[in-house]
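Written out below as structure tokens is the structure these notes cover.
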Amino acid sequence: MNDTLLDNDIPAKFKNPETGEVNVVAMAQSYKALEQKMSQNPSAPKSHEDYCVDCSHGFFEEDAEMNRKMHEKGFTNDQVQFVYDLAAEKMVPMVIEMAGDFKADREVEKLVEYFGGPEKWKEVSRQLLAFGQKNLPVDALDSLSSSYEGVIALYNMMNGDEPIIGQGAGELSKSGEMDLQSMMRDPKYWRDKDPSFVSKVTEGFQRMYGK
């Protein structure tokens, strides 16, 4: 009886249609193919706490509640990792950009207050732009106009204030005088646009004309 039950449980595709004999080789091949398929399509872990997610980028950490919801949907570990990686790739830059915009707004507010109101700041900013475009390289103007301190330095330059060369002025203090024009003629500045070198030029303007 047991042999009959076992025989009835074997699908017809594994039997010889003429003799009814079981094709053991076909069964073995089918089992092997099933194993390969299961290994290529891993299932979700038993619990959302079993997910192993790499957040070594440092932007954020694992979120237990989000992991729980993904586990309910049957997400595998690789799928969960993909979600986190996508968040780091797409969402974090957006947050950084928003933070930058907020900082820029705060810088403008400080400038409006410094110059005595929106109308006065509007006029000063127009004058600063015209002065900078006439007297400074584009990179230097962009760098100076991107911060409160840089704009104040640019304003002092426009008004002809004497340079302030203090201790810690780096390369510029070694010669005892402003040498920004020489630095801006350096290929590292105008050709290579070396970030660290451009930053030195910008900081030089701020040190000499900032207050």
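The values are calculated or read from the model by the stated rules, or taken from the named source; none is laboratory data. What you are looking at is a predicted structure, and each value in this text was computed from that prediction instead of being measured. Positions of Cβ are generated from backbone atoms using ideal geometry, with glycine treated the same way; all protein chains shown enter the neighbour counts.
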Breaking point among (1) assigned by TED's automatic domain parsing to the domain that holds residue 53; (2) exposed (fewer than 15 other Cβ atoms within 10 Å of the Cβ), for residue 107:
(2)
Residues of region 86-142 being within 27 Å of residue 160 (Cβ to Cβ), assigned to a helix (DSSP H, G or I) and either touching a Phe, Trp or Tyr at 6+ places or on another chain (Cβ under 7 Å) or of a type in the set (Phe, Trp, Tyr) (or both), which ones?
107, 110, 111, 112, 114, 121, 124, 128, 131, 140
When only residues in region 1-27 that are under 58 Å from the mean Cα position of the chain (by Cα) and loosely packed, with under 10 Cβ neighbours inside 10 Å count, which is modelled with the lowest pLDDT?
9
Just a yes or no: is a residue in region 144-156 at pLDDT 85 or above, part of a helix (DSSP H, G or I), over 24 Å from residue 196 (Cβ atoms) and not small (Gly, Ala, Ser)?
yes
Only one of 89, 113 is under 30 Å from residue 62 (Cβ atoms) and surrounded by fewer than 13 Cβ atoms within 10 Å (Cβ to Cβ); which?
89
